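Quick note: the coordinates plus some simple rules give every number you see, no bench work behind them. No experiment lies behind these values; they were computed from the predicted model shown. When we count neighbours, we look across all protein chains shown, and the Cβ atoms used for this are built from the backbone with ideal geometry, even at glycine.
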Amino acid sequence: MIQTPTEAGIAQNPMLCDVDSILQLFVGDDELRASMMKPFVIDDYAMATDAHSLVFFDKSIWENQKPFTDKDKNTYLSVIPTIKNLDKKIQLSELEAAFSKIDLIDEEIEEVTEKDCSDCDGDGQVEWEFGSHSKTDDCPNCDGSGTIEETNIKLTGKKVPNPEKRIKIGVCYFRIYELQKIISTCKILAETEFNLVYQLSSNKISWFIVGFVNILTMPVMVENDNEAVAHIA
Ligand SMILES: [Zn+2]
């Protein structure tokens with residue numbers, strides 16, 4: 001029988017929930033910052049970040065601990081505020097209600113297709129001529145592969161919340177992409193509320209806590225207040 005995690009159950013035993021899924025919500029996808037593409041342990045914390053949000057919690061809860069292998073761990077530790085200056089409880093339902101005010105747009109994905117290179121007709125080789133001399137060489141258009149990658153925007157047929165819209169929490173405006181991670185964390189932990197424990201100004205990091213999970217999130221600047229669909233807390 002499959003047991004559904006309950007809030008009380010997870011509070012007593014955090015390992016009942018899928019902590020790997022929580023960490024995976026926050027990893028980056030930038031291949032130039034490969035160290036951020038997987039979660040890691042620094043000192044006492046399990047962490048993951050994509051440079052916009054950072055999640056951290058007690059490393060003992062994470063069974064699949066992987067040590068940090070990059071050079072400068074202080075870059076990550078130094079973003080954690082040393083104090084908590086707020087204690088604002090926010091209901092998950094409040095954040096979900098804010099999401100429901102966001103207009104829906106067509107979801108787009110980039111589709112990469114390969115087609116034959118037109119310069120060499122897919123052969124990969126071209127013949128050069130100079131006077132009476134000729135030479136066969138790699139096609140300079142496709143570097144000898146014979147194919148060219150083409151990127152097209154395709155509609156998935158699904159509707160998604162407009163990513164340009166913002167939600168204001170306290171004094172900060174956030175991308176909905178960032179706040180979706182808080183919603184997902186609440187769902188995984190079966191929590192119905194989260195806490196805003198630190199906020200200093202509209203351009204600095206905010207610290208949210210969901211159960212045993214700490215989430216640091218960078219705000220975005222907006223040109224005018226209309227860009228926000230809702231204001232919480
Ligand atoms: Zn070619």
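So for the stretch 106-159, Kirkwood radius off the Cα pairs, Stokes-Einstein at 4 °C and 1.567 mPa s: how many µm² s⁻¹? Using the Kirkwood radius from Cα pairs, D works out to 99 µm²/s.
Values of log10 I(q)/I(0) for the chain across q = 0.11 Å⁻¹ run -0.70, by the Debye formula with one identical scatterer at each alpha carbon and no solvent.
Rounded to the nearest 500, what is the 222 nm mean residue ellipticity of the chain from helices alone, with -39500 (n - 2.57) per DSSP H run of 4+ residues and division by all residues? Calculated mean residue ellipticity at 222 nm is -5000 deg cm²/dmol. Among the cysteines of the chain, those whose beta-carbon sits 4.7 Å or more from every other cysteine beta-carbon are 17, 172, 186. Relative protection proxy for 175-185, 22-32, from highest mean packing down: 175-185, 22-32 (other beta-carbon atoms within 10 angstrom). As a rough guide to protection, the peptides 62-73, 104-115 ranked by mean Cβ packing within 10 Å, highest first, stand as 62-73, 104-115. Across the stretch 137-233, Cα-Cα distances exceeding 24 Å account for 42% of all pairs. Entry note, the stretch 106-159: relative contact order of 52 percent, from Cα contacts under 8 Å with a spacing of 6+ residues. Taking the DSSP bridge list for the chain and keeping only pairs wholly inside it, about 90 percent are antiparallel.
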